[in-house]
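A.B. asks: Supplied in structure tokens, the structure appears directly below.
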Amino acid sequence: MRTYLRTWIGTIVTDKNANYIGSLTLGCDLFREGGFHQNEQVQVENKSNGRVFTTYVVEGRDGAILNGAAARLGEIGDVIKVIAWEVK
């Protein structure tokens, strides 16, 4: 098996919510542009502080919102890259 880059997008953190279960919420436009799937595992690279972490992505209204533990790994205004991989 090999792991391939399936899709990625770059965006800016617009909000954070540490009191949520977890995940990264992406607005409909970003979610569709990136071709992500609901609850798909993603890798997030925070270009503003160098942190890299894994979470799952859900579709929301607007922007990019770090939830739960992920909210502690970035700040509003941080530039992030959201990556989905595919194993074949």
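A.B. asks: Please count how many residues of the range 53-70 are surrounded by 14 or more Cβ atoms within 10 Å (Cβ to Cβ) and within 11 Å of the chain's Cα centre (by Cα).
C.D. replies: 12
A.B. asks: Same structure again: Suppose we filter the range 71-88 for residues that are buried (at least 16 other Cβ atoms within 10 Å of the Cβ) and more than 16 Å from Ser23 (Cβ to Cβ); how many remain? Give the derivation first.
C.D. replies: Kept after step one, since they are buried (at least 16 other Cβ atoms within 10 Å of the Cβ), are these residues of the range 71-88: 71, 73-74, 78, 80, 82-84.
Right, trim to more than 16 Å from Ser23 (Cβ to Cβ) and you get 78.
Counting residues in the range 71-88 that are buried (at least 16 other Cβ atoms within 10 Å of the Cβ) and more than 16 Å from Ser23 (Cβ to Cβ) gives 1.
A.B. asks: Between residues in the range 12-36 that are touching a residue at least 40 places away in the same chain (Cβ under 8 Å) and residues that are part of a strand (DSSP E or B) and charged (D, E, K, R), which pairs lie under 7 Å by C-beta distance while being six or more apart or on different chains?
C.D. replies: Correct list of pairs: Leu26/Glu59.
A.B. asks: Any idea which of Gly60, Gly22 is in contact with a helix residue (DSSP H, G or I) (Cβ under 7 Å, 6 or more places away or on another chain) and modelled with pLDDT under 95? Before you say what the answer is, go through the steps one by one.
C.D. replies: Numbers: Gly60 fails: in contact with a helix residue (DSSP H, G or I) (Cβ under 7 Å, 6 or more places away or on another chain).
Unique residue meeting the criteria: Gly22.
A.B. asks: Please determine, by comparing only the residues of the range 62-88 that are of a type in the set (Asp, Glu) and assigned to a loop (DSSP other than H, G, I, E, B), which one is farthest from Gly34 (Cα to Cα).
C.D. replies: Going residue by residue through the range 62-88, those that are of a type in the set (Asp, Glu) are 62, 75, 78, 86.
Next, only the ones that are assigned to a loop (DSSP other than H, G, I, E, B) stay: 62, 75, 78.
Working: Asp62: 14, Glu75: 22, Asp78: 19 Å.
Across the range 62-88, the extreme among qualifying residues is Glu75.
A.B. asks: Ok, one more. Show the residue pairs meeting these rules: Cβ distance below 7 Å; 6+ apart or different chains; first residue within the range 64-84 and closer than 14 Å to Gln43 by Cβ and among the basic types (Lys, Arg); second residue surrounded by fewer than 18 Cβ atoms within 10 Å (Cβ to Cβ) and modelled with pLDDT of 95 or more.
C.D. replies: Lys81/Trp8; Lys81/Gly10; Lys81/Glu45; Lys81/Lys47
A.B. asks: Mind listing whichever residues of the range 31-83 are of a type in the set (A, V, I, L, M, F, W, C) and farther than 12 Å from Val13 by Cα?
C.D. replies: Phe31, Phe36, Val42, Val52, Phe53, Val57, Val58, Ala69, Ile83
The values are calculated or read from the model by the stated rules, or taken from the named source; none is laboratory data. In this text, all values refer to a predicted model and were calculated from it rather than measured experimentally. All Cβ positions, glycine included, derive from the backbone under ideal geometry; neighbour counts span all protein chains shown.
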